[in-house]
Amino acid sequence: MSKNRDRRLYVVDYLITPDQRIDHGAVLCEGNRILAVGGLSGFSLEDELRIERFSNAYMTPGFIDTHIHGAGGFDCSRVKDSPCRLEDMSRVLGERGVTGFFPTVVADEPEKMLENLNVLSRAIQKDMPGAEPLAIHIEGPFLNPSKCGAQVKDCLQPVDINFAAELIAAGNGMVKSMTFAPELRGAEQLISLLRENNVTPSMGHSLADGQQTLRAIDAGANHCTHLFNGMQPLHQRDMGLASIVLTDNRVTAELIIDGRHVHPRMVDLACRCKRSDRLVGISDGTMAFGMPNGTYHIGPSSIVVHGGYSQSNGKLAGTTTMLDAGWHSLMSCGHLSENRAALAVTRTPAECFGFHDRGILQPGKRADLAVFECGTNRLLMTVRRGEIIYKAGDKNE
């Protein structure tokens, strides 16, 4: 068989690599890797080359969502109790241009957290039909009860290094990020434990002042969970977590980009303050994404979804907006260029957590791609590791 039968060329109106825009672009893949990227005129179109040609379309790297609690009826915090499976979540995300994600769990009763992490960590190592679960993000239980958000206050607890070690162990090497409140006693010891285990310490759900935040950063905390949400508002004299994160580029900042959690002008402020390689767009999605209106849950918390809003006891509780829709708010509200906006959902989250083999259209990198229709931004195709996991029109949509 000719070698070219194992190669596939994707042709679109333009590429967002995301470092640059390439008009009349093409990406040549072989197996699970990208071989070449550039203008179509630079490629030789042999007869046996498999070509996927799109008109009125553009391509980005596959999206990476590092903070998502569920989708398609699956709740990452209660694997055994979910009516659907992780495979269903994977499939739904693949249908939205996502090729990698971090299943995110919330605080729960200690034994339930440990059991769930053990089950989830084994499940994410299986082959998936759509987006690939890359690692686990634990959001809690070492959070400030005054900023618990939709989490159950009774499930939060002071920093316990032994329990933190148990949580990491229960994740069987798959835990990559943990959210904690930096003002809690023992936070610096927790940061040390996390760094020793290659877990990113992420500050959030916090009332930390400027000094407490800076001590945590100096100790190794280099990430912030959903900037502006679950923390003190900005103040002209009293510095808190949000103001320090905005102005300290040692820290990468998550931003929920659903258009509801953060006011458009605050999105603009974050985009003005944070460098492109320091801003990570997240969905904070729940099991309700892709499901009808109704009552669902995030771990022990009950949520009600109606008209696209996800709430718990009158508070916003996660979202039902995925990255394929949300990233455009970084352009419309944050006034970022298309390339810079794409960075926040592709290369930056990949680099931030050490996945250096993806998030960019570049020779040698993984063939994780997403193709969208110009104008409507409707997803036309998702490719993960060189395999087409979604193609518009292949099934009833």
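When you scan the range 206-221, how many residues do you find that are surrounded by fewer than 24 Cβ atoms within 10 Å (Cβ to Cβ) and outside any helix (DSSP H, G or I)?
The number of residues fulfilling the criteria is 3.
Residues of the range 23-35 being open to solvent by 30 Å² or more (accessible area, probe 1.4 Å) and not in a loop (DSSP other than H, G, I, E, B), which ones?
Asp23, Glu30, Arg33, Leu35, listed by residue number.
Quick grid of which residues meet (1) of a type in the set (D, E, K, R); (2) free of Cβ contacts under 8 Å to residues at least 12 places away in the same chain:
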| site | (1), (2) |
| --- | --- |
| Ala288 | no, no |
| Ser301 | no, no |
| His306 | no, no |
| Gly314 | no, yes |
| Thr320 | no, no |
| Arg340 | yes, no |
| Pro349 | no, no |
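For the range 338-348, indicate whether the set of residues that are surrounded by fewer than 16 Cβ atoms within 10 Å (Cβ to Cβ) and either modelled with pLDDT under 95 or hydroxyl-bearing (Ser, Thr, Tyr) (or both) is non-empty.
No, the conditions are met nowhere in the range 338-348.
Identify all residues within the range 117-176 that are of a type in the set (D, E, K, R) and either free of Cβ contacts under 8 Å to residues at least 40 places away in the same chain or under 24 Å from Arg96 (Cβ atoms) (or both); write none if there are none.
Result: Lys126, Asp127, Glu132, Glu139, Lys153, Asp154, Asp160, Lys176.
Just name the residue that is nearest to the chain's Cα centre (by Cα) out of those in the range 67-78 that are in a strand (DSSP E or B) and of a type outside the set (Val, Ile, Thr).
Step by step, filter the range 67-78, then rank; the result is His67.
Residues that are among the hydroxyl-bearing types (Ser, Thr, Tyr), touching a Cys at 6+ places or on another chain (Cβ under 6 Å) and farther than 16 Å from Thr60 by Cα: list the strands (runs of 3 or more DSSP E) wholly contained in the range 284-343 that include at least 1 such residues.
none
How do the strands (runs of 3 or more DSSP E) wholly within the range 79-187 filter down when requiring 2 or more residues that are within 21 Å of the chain's Cα centre (by Cα) and more than 16 Å from Val199 (Cα to Cα): which remain?
98-106
Residues checked against (1) among the basic types (Lys, Arg); (2) at positive phi; (3) buried (at least 19 other Cβ atoms within 10 Å of the Cβ); (4) touching a helix residue (DSSP H, G or I) at 6+ places or on another chain (Cβ under 8 Å):
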position: His223; (1), (2), (3), (4): no, no, yes, yes
position: Gln236; (1), (2), (3), (4): no, no, no, no
position: Ser243; (1), (2), (3), (4): no, no, yes, yes
position: Asp277; (1), (2), (3), (4): no, no, no, yes
position: Gly294; (1), (2), (3), (4): no, yes, no, no
position: Ser310; (1), (2), (3), (4): no, no, yes, no
position: Ala317; (1), (2), (3), (4): no, no, yes, no
position: Ala325; (1), (2), (3), (4): no, no, no, no
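Pick from Pro110, Pro83: which is at pLDDT below 95 and surrounded by fewer than 21 Cβ atoms within 10 Å (Cβ to Cβ)?
Going through Pro110, Pro83 in turn, the sole match is Pro83.
The values are calculated or read from the model by the stated rules, or taken from the named source; none is laboratory data. Note that the structure is a prediction, hence the values are computed from the model and not measured. Please note: Cβ atoms are built from the backbone with ideal geometry, for glycine as well, and neighbour counts cover all protein chains shown. For accessibility, only protein heavy atoms count, side chains too; no ligands or nucleic acids. Shrake-Rupley method; radii C 1.70, N 1.55, O 1.52, S 1.80 Å.
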